[in-house]
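The values are calculated or read from the model by the stated rules, or taken from the named source; none is laboratory data. No experiment lies behind these values; they were computed from the predicted model shown. Please note: Cβ atoms are built from the backbone with ideal geometry, for glycine as well, and neighbour counts cover all protein chains shown. For accessibility, only protein heavy atoms count, side chains too; no ligands or nucleic acids. Shrake-Rupley method; radii C 1.70, N 1.55, O 1.52, S 1.80 Å.
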Amino acid sequence: TTTTTTTTTTTDPNNLVYLLEPSVGTPSITLLFVGGAGLGQFPHIAYNELLKRISTKCNAAVIAVPYEVGLDHFELAKVTGEKIRKALIHCEDTRSYSSNMPKFMLGHSLGAKLQTITLSATNDAVSAEELAGVGFMSFNNFGFKNTITMAKSFAQELRNDRVKKAGVDTASVSDDMNGGGGGGDNNAMFDMLFNLAEVAVGAVGVEFTPSPDDTKRILSLKYDAKLQSKTRLFVFDDDELDSSLDIIDSCTAGSSSSDGSDGLTSSGLRGSHLTPVFLKFGLEDLDLPEEAREMAGQVAGGFQNASFGDEEYLNEAVDEVCGWILGREPSRRPSWSKQRQSSGDGGYESESSWRLSGGVVDAEVE
């Protein structure tokens, strides 16, 4: 088991981070985590199960950095990087963390993009020399107009999860969504409204800073061989929002080695973009006296627990992340099928899309 505490490096609430520590003994490693857009503002809720399980399996102290979304990703990367830097100093000064404790970065979705900017352009937080490894789950580098696509994908995934837990036959749901049932018209309207919104947003001409193309240029120029040799990409089979091919393409284009490779590794996993987000609630989580708990159960019609997400896929992701921390090779390569559909790229069938060189991260976990 682990305990969750909150620490601030100053009295300023803007410097708040969440610290998850093993309940017994001294941590063996420190994991520096930044979550996705929106979800990353509440990492102690959205990513609680993911981070708790990693912490338990790896005896890790987890520093999870919350942030509010915005268009200026340079600024967000600077803010999150500065929070990490101050939190590390705070833990060393007040909690007796060794400055030599192995440090790993882990980011999900937009959080992974922010970490690439932190490491490539802002020079905040920690240097490449200080890091034992860098992990990017479902790296996302979409443009602003594609945020509508992301919202649509999230809505569909939430709906599918609800349908799955209700025990509805997936084939009938598929037919219904394709117009074969009573809900076909509703789904067609759903798609049309999202498509119209995406066109409208694109017409405004607003874009993130850096843009997707600028981000790829930064990666090509600044994400050097040393960082690449420490980086693992975690790619989910059914993730249509994954931009990991942008990293591979950029790092290959900017490679300094003769064979166009500098050490990136990639793990293929079952699941989708929201697999790292697993929410589990139950009456036992509520601070209620026993008699009130029984009454609440009766009112809820026998309800005891509710969850969002696939726990089996989450556990597979946790095992793969912990394996990477311990220096293991990817258990398998990504399929890349969904990623090619979203990026329009038809390549990366070769072994180099899984492992671009022979480097292996040595976590040196005691």
If you plug each phi of region 47-64 into the Karplus form 6.51 cos²θ - 1.76 cosθ + 1.60 with θ = phi - 60°, what whole-Hz ³J(HN,Hα) values come out, in order, with x for Gly and Pro?
10, 4, 5, 4, 6, 4, 6, 5, 4, 5, 6, 10, 6, 9, 8, 10, 9, 9
Mean accessible area per residue over region 19-84 (1.4 angstrom probe, all protein chains present, square angstrom) is 34 Å²
Tell me the label-point distance for the pair K222, R95, using the 7 Å Cα-to-Cβ offset, in nm and rounded to one decimal.
2.8 nm
How much of R85 can a 1.4 Å solvent probe reach, expressed as accessible area in Å² and rounded to 10?
90 Å²
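Just add up the charged neighbours of R217: K/R +1, D/E -1, any other residue whose Cβ is under 13 Å from the Cβ of R217.
Details: positive: K216, K222; negative: D213, D214, D246, D249.
Surrounding charge for R217 is -2.
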Could the peptides 25-33, 218-226 be put in order, highest first, of the mean number of other beta-carbon atoms found within 10 Å of their residues?
25-33, 218-226
Label-point separation (nm) for D238 and N315, each offset 7 Å from Cα along Cα-to-Cβ?
1.8 nm
Under 5 Å between amide H atoms, partner at least 5 residues away or on a different chain: which partners does G271 have, H built in plane at 1.01 Å?
D237, D238
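I need the calculated FRET efficiency for the pair A128 and F308, taking r as the beta carbon distance and R₀ as 30 Å, to the nearest 0.05.
Numbers: r = 36 Å, r/R0 = 1.19.
That gives a FRET efficiency of 0.25.
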Can you list the residues, at least 5 places off or on another chain, whose amide H is less than 5 Å from the amide H of G135, using H built in the peptide plane?
M105, L106, G107, R232
On a 29 Å Cα-Cα criterion, which of the cross-link pairs K145/K216; K230/K280; K78/K226; K78/K145 come out too long?
K230/K280
Mind listing the phi-derived Karplus ³J(HN,Hα) values for region 32-38, rounded to whole Hz, using 6.51, -1.76 and 1.60 with θ = phi - 60°, and x for any glycine or proline?
9, 10, 10, x, x, 4, x
If amide H atoms are built 1.01 Å from N in the plane of the peptide, which residues on other chains or at least 5 residues away come under 5 Å of the amide H of G263?
L356, S357
